[in-house]
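Please read the structure below before turning to the comments.
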Amino acid sequence: MASTSAGIVAGLTTAALVTVGVLTYQASAAGAPENPDGPRASGSPAPGASKAPRDRLHPEALPAGSGRGERVVYSVDDDRVWLVGPTGQVRRTFKVTPSTVDPAPDTYAVTSRSNRVTGSDGAAVEHVVRFTTVENVTIGFSAAVDGSMARPARGERTGGIRETRADGAAMWQFATIGQQVVVVR
């Protein structure tokens, strides 16, 4: 009888170890954090959040932790924009010329749009999509009518994040009033 009890205990111990091994594998394959008490990605980055993880082999890949659902994602460190559809697929990504005033990492919404105006740097711009104000400087995406993407003059306080005319037209179609804009580092 003692050998039967030892066999049952050995069998239960083996089954428990196999179960723990399978669950550990599933958690690592699903991308569970190695430090469960550490920071977690949320639906929107927190103000002052550290730089979002990037795929170094594919710099055009959407940053991890940049939200969910349909949104515009703007990386102030990489000078890149992603237009993301409702199921998380990237519809378009492109490089931009940054403004001299950066928005803080956070989630915003498109607050106003203008088809054609004069930018804060004096250039004629089109397809202006605004989403926040920082220290009395309005921040938004726009395309110069002349197609230029020159950096603003040193010391000039501008809020225009410049796109090519083609990218500006795509942004104009995508980012209507209320559209979510996620800013990451």
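General remarks:
- Across the stretch 138-150, computed HN-Hα scalar couplings (Karplus, 6.51 cos²θ - 1.76 cosθ + 1.60, θ = phi - 60°) run 7, 9, x, 9, 7, 10, 5, 4, 7, x, 6, 9, 5 Hz from first to last residue, x flagging Gly and Pro.
- Note on surface exposure: MET149, MET171 rank MET149, MET171 by accessible area, highest first, 1.4 Å probe.
- Mean-position separation - Cα centroids, the stretch 60-100 and the stretch 108-134, in angstrom: 18 Å
- Note on exposure: LEU83, LEU57 ranked by accessible area (1.4 Å probe, complete protein assembly) read LEU57, LEU83, with the most exposed listed first.
- Maximal additional length on extending the ALA104-ALA153 stretch stands at 15.5 nm, based on 0.36 nm per residue less the C-alpha distance.
- A probe of 1.4 angstrom, applied to the heavy atoms of all protein chains, finds ARG116 with accessible area near 140 square angstrom.
- Estimated D of the stretch 133-176 in µm² per second, where Rh is the Kirkwood radius over Cα pairs and Stokes-Einstein applies at 20 °C, 1.002 mPa s: 189 µm²/s
The values are calculated or read from the model by the stated rules, or taken from the named source; none is laboratory data. Predicted model only: the values in this text are computed from it and were never measured. Heavy atoms of the whole protein, side chains included, go into the accessibility calculation; ligands, DNA and RNA do not. Shrake-Rupley method; radii C 1.70, N 1.55, O 1.52, S 1.80 Å.
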